[in-house]
Amino acid sequence: MRLSKTFIGVLGLFATLSAYGQAPIAKPKLVVGIVVDQMRWDYLYRYQERYSEGGFKRLLNEGFSNENTYIPYLPTYTAIGHSSIYTGSVPAIHGIAGNDFIIQATGQDMYCTQDDEVNGVGTTSKAGKMSPKNLLTSTVTDQLRLSTNFRSKVYGVSLKDRGGILPAGHFANAAFWFDGESGNWITSTFYMNELPKWLQKFNDKKLTEKYLDKWSTLYPIDTYIQSEKDGNAYRQNYKGLDKMQFPYDLKSLKKENGLGLIRSTPFGNTLTKDIAIEILEHEKLGQNEAGITDFLAISFSSTDYVGHQFSPNSIEAEDTYLRLDKDLESLLNHLDKNVGKGQYTVFLTADHGGAHNPKYFQDKKGNAGYFPTSDVKKGLNANLENKFKIKDIVRSLSNYQVHLNYQIIENNDLDEDDVKEEIVKYMRKVDGVSFAVDMDKIGEASIPALIKERMINGYNRKRSGAVNYILEPQWYGGKPNTGGTTHGTWGSYDAHIPFVLMGWGIKHGKNYNPVAMTDIAPTISALLKIEEPNGNIGKPVTEVFK
């Protein structure tokens, strides 16, 4: 009789909740967004034989991989990538036109997350004066908070401020990033006035200094067959060294390179994984009431620092990915244990890829080159001075764009169209330039449709240069024979990225149809049954859903 009464009571409770529309909708307890900075799509497979079963392989074996995911804008840089992943939008709309950009009306240089009206928390340096203020649209994390009347918890974390702040959006509980001067994790008064007690204790452990001890390869060094054996000539070495020197004595190198050295080692990723787990535990993410999803946005940045410094064909890069694989396994195991396997959804993607070093490509008898940006700017300004009798008409060639000094143009009553026409004519003759176009006349330009669309998507009139130029494949801005690598172009090495999902609501499989980076946010929005971000131009990838 007691059991019957209990059963009837439970049925009555559900009936009451249903009648008042309060029965929770089935949703994951937690979404974990993972961005691996500078991870090209092919890295899923390049080192796959060396990956463990619980990291990248697990994502592929249990999850759903969109094998042809591309970035639909130019230039392909970190801040834009993180913004576009989480907004489903492009610089033309969300306004993050580069890691740094120029406010065209005033000529002011602006860092993507710069906010002079806030102060650092946990630091007294300028590293703390950051917020999502410059991001003009909402993120999927913002929409999640709005959809639950701010009951969902949202956190962002990354070594880079932009990697933690931009994904977390405007309404996040907090974003945390790394201060290279102190080796601590910090935030700003945009989020809070004091670091949480748990984070203060975490910083007190001085893990940065502990990790900066020794870097030996994870496996015997002669087994790194995907990398140049001699340390290669296409690299930039740590300060104080003139060659590869495994095992690296990081403790000694720390004296000359500072605590920020950890960024250019795989242990920067491990440190990021450590604080991500601290956030999960202390902020109780995934432990919310039924139907209320929490969100943790993680960006692993050391892959980018290592790639820039040592180039893709280095043992350092290979070892960094093998160690990141272990960190992913550790993170997923923690989620299984503390949130529940099948109770959370994780997606992994990248903000951009990375090019082979041009000299490496040339030495292998391929076509490649360096674009001497500062020299081209000098030549361009000299040409314009000869034509218009005015100096310094061009302010900058940053972000593969020609930025005009509008004050000089206006003060000297120059015709802007005439200036741009002269710039286009000059840039088209520069070695290494495929296309140069006045963005006001791009509809008339003879440029392949795919590249034209990406240029338009990346052009924000208030924050981008008036003339855009496209370099030939395997060319990028830099001095001849410069070591390391970079990114920013439309080529597949910069624009082809992974997009893998696993967990709650996701089936196992692969999709070979074209997918855009901007499709990620609406896909997660559809999964969570929430409104897509307010600047979204992407479409949900419905193939991923069970």
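The values are calculated or read from the model by the stated rules, or taken from the named source; none is laboratory data. Note that this is a predicted model, so its numbers are computed, not measured. Cβ atoms come from the backbone with ideal geometry, glycine included; neighbour counts cover every protein chain shown.
Overview of values
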item: Test: residue in the range 99-118 that is touching a Gly at 6+ places or on another chain (Cβ under 7 Å) and either closer than 21 Å to ASN203 by Cβ or part of a helix (DSSP H, G or I) (or both); result: no
item: Sole residue being assigned by TED's automatic domain parsing to the domain that holds LEU144, closer than 23 Å to TYR51 by Cβ and not charged (D, E, K, R), chosen from LEU241, LEU296, LEU285, LEU207; result: LEU296
item: Residues that are of a type outside the set (Gly, Ala, Ser), under 22 Å from TYR321 (Cβ atoms) and surrounded by fewer than 14 Cβ atoms within 10 Å (Cβ to Cβ), drawn from the range 214-242; result: LYS214, TYR219, PRO220, ASP222, THR223, ILE225, LYS229, ASP230
item: Any helices (runs of 4 or more DSSP H) falling wholly within the range 297-391 and containing at least 1 residues that are under 19 Å from the mean Cα position of the chain (by Cα) and either at pLDDT below 95 or surrounded by 22 or more Cβ atoms within 10 Å (Cβ to Cβ) (or both); result: 302-310, 315-335
item: Test: SER138 is modelled with pLDDT under 95 and either closer than 30 Å to GLU289 by Cβ or small (Gly, Ala, Ser) (or both); result: no
item: From THR137, THR148, THR187, residue being in contact with a Phe, Trp or Tyr (Cβ under 6 Å, 6 or more places away or on another chain) and among the polar types (S, T, N, Q); result: THR187
item: Considering residues of the range 108-164 that are farther than 19 Å from ILE186 by Cα and charged (D, E, K, R) only, the residue farthest from the chain's Cα centre (by Cα); result: ARG151
item: Single residue of the range 440-473 satisfying the filter (over 17 Å from VAL90 (Cβ atoms) and among the hydroxyl-bearing types (Ser, Thr, Tyr)) that is modelled with the highest pLDDT; result: TYR469
item: The range 429-483, subset of a type in the set (Val, Ile, Thr) and part of a strand (DSSP E or B), residue nearest to the chain's Cα centre (by Cα); result: ILE470
item: PRO514 vs. criteria modelled with pLDDT of 95 or more, out of contact with any strand residue (DSSP E or B) (no Cβ under 6 Å at 6 or more places or on another chain), surrounded by fewer than 22 Cβ atoms within 10 Å (Cβ to Cβ) and not assigned by TED's automatic domain parsing to the domain that holds LYS243; result: no
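Residues are listed down the side, and each one gets a yes or a no for (1) assigned to a strand (DSSP E or B); (2) surrounded by fewer than 23 Cβ atoms within 10 Å (Cβ to Cβ):
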| site | (1), (2) |
| --- | --- |
| THR485 | no, no |
| THR489 | no, no |
| LYS510 | yes, yes |
| ALA521 | no, no |
| SER525 | no, yes |
